[in-house]
Amino acid sequence: MADWKRHVKVGFLCTLVFLIVCYFTTIYNTFDYKFVLACIVVSIIYSQLPDVDTQASKIRWILTTAGAGWAFVNLISGRYSTAIIFLGLVIIIWVVGLIKGFGHRGVSHTFIAACILSSLMFYYSYWLVIVAFINYMSHLIVDRE
């Protein structure tokens, strides 16, 4: 099993190849530093996301802390529906890790999970859906060794 650093390196390499292909083809041939930065952030998160089912994973702690913090900010700002959504996501992250039937390399290490979780990026950009999917799948491929 690869560690989180290897997953980030492989994911970053996949994202770099994606950006180069997009730049030198007519797919997305404008250099937008905001898009590149968004791709890097999505790469870091999604290359580790399948390990959210592991109690000691870094991505689990990062997402739960950020999600709970963002829910708290929205709660005191009066945006209750957004706060409930983020608290729900935090609860889902913890439930996936606690239920024995899921286990490591269970439900979060599947092609279906890659499709569902990558589609969440559609809210921002369909290009980020592709980057998220590539990085999620890179994690699954690296774990197969």
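A few comments on the model shown:
- Built amide H within the under 5 Å cut-off of GLN48, gap 5+: none
- Computed 3J(HN,Hα) for region 4-9, one whole-Hz value per residue from the Karplus formula 6.51 cos²θ - 1.76 cosθ + 1.60 where θ = phi - 60°, is 5, 5, 5, 4, 5, 5, glycine and proline marked x.
- Here the chain is assigned +1 on the Cβ of each Lys and Arg and -1 on the Cβ of each Asp and Glu. Its dipole about the Cα centre then comes out at about 160 debye.
- Correct option for Cα Rg over 2.2 N^0.38 Å [calculated from the coordinates] among (i) 1.09; (ii) 1.05; (iii) 1.28: (i)
- Here the 3J(HN,Hα) profile of region 64-76, calculated from phi with Karplus coefficients 6.51, -1.76 and 1.60 at θ = phi - 60°, is 5, 5, 5, x, 5, x, 5, 5, 5, 4, 5, 5, 6 Hz, Gly and Pro shown as x.
- Entry note, the chain: the mean residue ellipticity at 222 nm calculated from DSSP H runs of n ≥ 4, each adding -39500 (n - 2.57), is -23000 deg cm²/dmol after division by the residues and rounding to the nearest 500.
Computed from the coordinates by the stated procedures, all read-outs in this text should not be read as laboratory data. Everything numeric in this text was worked out from a predicted model, so none of it was measured. Virtual Cβ from ideal backbone geometry, glycine too; neighbours counted across all protein chains shown.
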